[in-house]
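Asker: Dropping a structure here in C-alpha cells format, bear with me for questions.
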Amino acid sequence: MTMREKIEEAAARYPDQRSAIMPALLIAQQEHGYLPGPVLEEVADILGIERIWVYELATFYTLFHTEPVGMFHLQLCDNVSCMLCGSEDLLDHLETVLEIRKGDTTPDGLFTLSTVECLGACEMAPVMQVGDDYHAHLDVTRINALLDRLRAIAGAASVERASARVPWE
C-alpha cells in the first residue's frame, strides 16, 4: 500500500480532512523517516487542505521531525520538575559522552539529542523519551546503562541486516 493510499484510508475515518492531519503525518514520517517540506506539501495535497495547517502541526508536536534524526532520538525533558531534579547536569553528561551538542546527531547516525519542554511525567523526573519509551528517575549511571543497551540494540540490528543479505550482494 502506498503512502497516499494509507493516508486516504486513514482520512476516510474523519468527517473533516483537517482532523486527519496527525494520522497522516505519522504515516508520512513512518514512510520517510522525517517530514521535510515536500513531504508536508504532499500530505496537504493528499488531504486537500491548506499547507500551513499541516506545517503548524508538524512543527508544534515533538513526535514529528522536520529534520533527519538518529536511530535513537533522545528527548530529555528540561521543564521545571526535571530541571530541579538534575536534567541540566544530565544534558551536559549526554553531550560529553556522545560528543555532540543538543540538536545534533552523532556521526554514526545512532543518536540525536534534543530537549523538550515537557513530557508530562513530572512524578518521574528527570525523564527522557527514546522513541516511544519513557526512561525515568534518571541519573548518570542509568543514562550510561541506557546508552549501552541502545548501542547493543543497534549492533544486533546491523548484524541481522548483514545476515539477511544474499551472498552475491
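The values are calculated or read from the model by the stated rules, or taken from the named source; none is laboratory data. Note that this is a predicted model, so its numbers are computed, not measured. Backbone-built Cβ (ideal geometry, glycine too); neighbour counts: all protein chains shown. Only protein heavy atoms, including side chains, enter the accessible area calculation; ligands, DNA and RNA are left aside. Shrake-Rupley method; radii C 1.70, N 1.55, O 1.52, S 1.80 Å.
Asker: Please state the relative contact order of the chain as a whole percent: Cα pairs under 8 Å, 6+ residues apart?
Answerer: 17 percent
Asker: Looking at the stretch 1-95, I'd like the Rg to Rh ratio, where Rg is from alpha-carbon atoms and Rh is Kirkwood's inverse mean 1/r.
Answerer: Rg/Rh: 1.11.
Asker: Would you work out the relative contact order for the stretch 1-68, in percent, from Cα pairs under 8 angstrom that are 6 or more residues apart?
Answerer: 32 percent
Asker: Once you put a point 7 Å from the Cα of TYR134 and another 7 Å from the Cα of CYS118, both along the Cβ direction, what distance in nm separates them?
Answerer: 1.3 nm
Asker: In addition: How would the stretch 34-169 be classified by its alpha-carbon gyration tensor: rounded, prolate or oblate, with rounded meaning a/c under 1.5 and the a/b versus b/c comparison settling the rest?
Answerer: Details: a/c = 2.32, a/b = 1.10, b/c = 2.12.
Because a/c hits 1.5 or more and a/b fails to exceed b/c, the stretch 34-169 counts as oblate.
Asker: Give the Cα extents of the stretch 76-120 along the principal axes, in whole Å, largest first.
Answerer: Taking max minus min along each principal axis of the Cα atoms, the stretch 76-120 gives 32, 18, 11 Å.
Asker: Compute the longest continuous run of the chain that contains no exposed trypsin sites (Lys or Arg not before Pro); treat a site as exposed when its DSSP state is not H, G, I, E or B and it has at most 13 other Cβ atoms within 10 Å.
Answerer: For trypsin sites (Lys or Arg not before Pro) (loop position, at most 13 other Cβ atoms within 10 Å), the longest site-free span of the chain is 14-100.
Asker: Another question, if that's okay. Using a probe radius of 1.4 Å on heavy atoms only, what accessible surface per residue do you get for the stretch 107-162? Whole Å² is fine.
Answerer: On a per-residue basis, the stretch 107-162 sits at 55 Å².
Asker: For the stretch 92-152 and the stretch 31-48, what is the centre-to-centre distance using only Cα atoms, to the nearest Å?
Answerer: 28 Å
Asker: Still on this structure, I have one more. What does the charge add up to near ARG51, with Lys and Arg as +1, Asp and Glu as -1, over the other residues with Cβ less than 15 Å from its Cβ?
Answerer: Net charge around ARG51: -4.
Asker: How high is the relative contact order of the stretch 29-118, given as a whole-number percent (alpha carbon pairs under 8 Å, six or more residues apart)?
Answerer: So the answer I get is 28 percent.
Asker: Divide by every residue of the chain the summed helix terms, -39500 (n - 2.57) for each DSSP H run of at least 4, and state the resulting mean residue ellipticity at 222 nm, rounded to the nearest 500 deg cm²/dmol.
Answerer: Only helices count here, giving -15000 deg cm²/dmol.
Asker: Same structure, new question: Please compute the length gained on full extension between ALA12 and ASP104, using 0.36 nm multiplied by the number of residues separating them and subtracting their Cα-Cα distance.
Answerer: In short, 29.4 nm is gained.
Asker: What net charge is computed for the residues neighbouring VAL39, neighbours being all others with C-beta under 14 Å from the C-beta of VAL39, Lys and Arg scored +1, Asp and Glu -1?
Answerer: For residues surrounding VAL39, the net value is -2.
Asker: For the pair ALA157 and PHE60, what calculated FRET efficiency results from E = 1/(1 + (r/R0)^6), where r is the Cβ-Cβ distance and R0 = 30 Å, to the nearest 0.05?
Answerer: Rounded to the nearest 0.05, the efficiency is 0.45.
Asker: A further question on this structure: With +1 on each Lys and Arg Cβ and -1 on each Asp and Glu Cβ, how big is the dipole of the chain about its Cα centre, in debye rounded to the nearest 20?
Answerer: In debye, rounded to 20, the chain gives about 340.
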